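Rule-based calculations on the coordinates, nothing more; no lab input. On a predicted model such as this, the values are computed, not experimentally measured, just so you know. FYI the Cβ positions are ideal-geometry reconstructions off the backbone, even for glycines, and counts take in every protein chain you see.
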Amino acid sequence: MDYLYYLFVVLGFFAVVLFLEGMYLTWNAYKGPEKMRIAKRLQAISVGVSSQASSLAKERLLAKTPELQSFLLRIPRIHLVDRMLLQSGLNISVAGFIAITSLALASGAVVGLLLAVSSWVAFVIAIVAGIIPYLYVKKSKFKRMEIIELQLPDSLDLMGRAMRAGHAFPSALQMVSSEMPDPIASEFRIVFDEINYGIPAQEALMNLSTRVPSTDLSYFVIAVLIQRETGGNLAELLGNISHLIRERMKLLGTVRVLSAEGRLSAWILTLLPFVLGFVLNLVNPNFLSMLWTDPLGIKMVIYALGLMVIGIFTMSRIIKIRV
């Protein structure tokens with residue numbers, strides 16, 4: 001009897017281990033790092049491809065369910081949202097982004113109701129909360145594009161050295177995708193994959209400029225396309241573009257230093273009314289309650305917010321200097 005008990009325990013242990021191993025293998029087959037990496041590369045290829053090469057790329061899904069996918073495809077310019085999410089580097093679909101935005105709107109409305117403010121103030125709170133996911137995506141996109149622009153000169157130098165050593169242009173792209181860090185490595189890897197899948201190099205490069213809306217990268221794409229039509233020393237051309245981008249970045253850094261005082265003043269003038277209103281509301285709540293309880297106060301708040309938006313836009317245009 002004791003032997004049967006121990007045999008049952010051992011068999012039960014192996015059954016649990018095999019069950020967990022099966023669960024892990026199943027998860028790894030559908031949601032594992034390798035599967036997600038391949039799916040991300042295939043989905044990224046589809047952004048910006050032309051109709052001629054669309055059959056070579058997997059369609060980028062806007063949602064996981066076919067019904068929601070077909071519904072989202074009927075929305076005008078929905079692919080612009082999908083492209084923005086891809087450029088931000090966030091692993092989220094359009095359906096997920098819409099769900100998060102809706103949840104933020106609902107949360108803002110609930111917060112407005114819990115604060116027992118007027119319907120106009122609750123509406124403003126809900127709108128501000130709903131804009132937060134969009135601002136986060138835009139910030140992620142801007143940060144990713146900034147990193148790509150910083151990595152681009154080194155990538156062009158690497159391609160130039162590879163081509164001087166006798167490598168072809170696709171091989172130079174592969175070297176950048178394997179030796180440079182992300183996110184620029186993933187973008188050049190997509191170009192290399194598209195060329196390997198049969199998409200012409202011109203369309204693959206144009207897709208790269210679509211996925212990465214950078215002026216410096218556009219210089220690279222245009223230079224390569226012109227060189228493929230007219231000929232010339234591409235390695236020397238890449239070196240000149242790399243030098244030009246570095247000099248432009250130095251000038252841009254100088255401009256940012258000189259305009260730092262203006263940016264700081266803009267932030268102070270923007271945040272000062274809200275901070276002052278919050279402090280006054282803590283010290284004397286009845287003093288500011290007229291702004292959202294009296295109809296004239298609500299109109300004053302709306303006009304003040306409108307003037308602040310105009311002022312913020314004006315200050316942003318003043319301190320934004322294109323180089």
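How many of the residues in region 274-317 are surrounded by 12 or more Cβ atoms within 10 Å (Cβ to Cβ) and closer than 30 Å to residue 255 by Cβ?
Of the residues in region 274-317, 5 are surrounded by 12 or more Cβ atoms within 10 Å (Cβ to Cβ) and closer than 30 Å to residue 255 by Cβ.
Do we find a residue being under 19 Å from residue 128 (Cβ atoms), part of a helix (DSSP H, G or I), among the hydrophobic types (A, V, I, L, M, F, W, C) and free of Cβ contacts under 8 Å to residues at least 40 places away in the same chain anywhere in region 250-270?
The answer is yes, given that some residue of region 250-270 is under 19 Å from residue 128 (Cβ atoms), part of a helix (DSSP H, G or I), among the hydrophobic types (A, V, I, L, M, F, W, C) and free of Cβ contacts under 8 Å to residues at least 40 places away in the same chain.
Given (1) in contact (Cβ under 8 Å) with a residue 60 or more places away in the chain; (2) under 22 Å from residue 147 (Cβ atoms), identify the lone condition not met by residue 169.
Every condition holds for residue 169 apart from (2).
Write out, first by first residue and then by second, each pair whose Cβ atoms fall under 9 Å of each other, whose residues are 6+ apart or on separate chains, and whose first residue, in region 210-236, is over 18 Å from residue 146 (Cβ atoms) while the second is among the basic types (Lys, Arg).
210/83; 234/228; 235/161; 235/164; 236/164
Looking only at region 185-217, which residues are surrounded by fewer than 21 Cβ atoms within 10 Å (Cβ to Cβ), over 20 Å from residue 153 (Cβ atoms), out of contact with any Leu (no Cβ under 9 Å at 6 or more places or on another chain) and not acidic (Asp, Glu)?
196, 200, 210
I'd like the full set of residues that are under 28 Å from the mean Cα position of the chain (by Cα) and not polar (S, T, N, Q), limited to region 149-168.
Result: 149, 150, 152, 153, 154, 156, 157, 158, 159.
Does residue 182 fit the bill of being buried (at least 16 other Cβ atoms within 10 Å of the Cβ) and among the charged types (D, E, K, R)?
Criteria not met by residue 182.
Taking residue 221 as meeting all but one of (1) over 26 Å from residue 140 (Cα atoms); (2) touching a Ser or Thr at 6+ places or on another chain (Cβ under 8 Å), write down the number of the exception.
Result: residue 221 fails condition (1) only.
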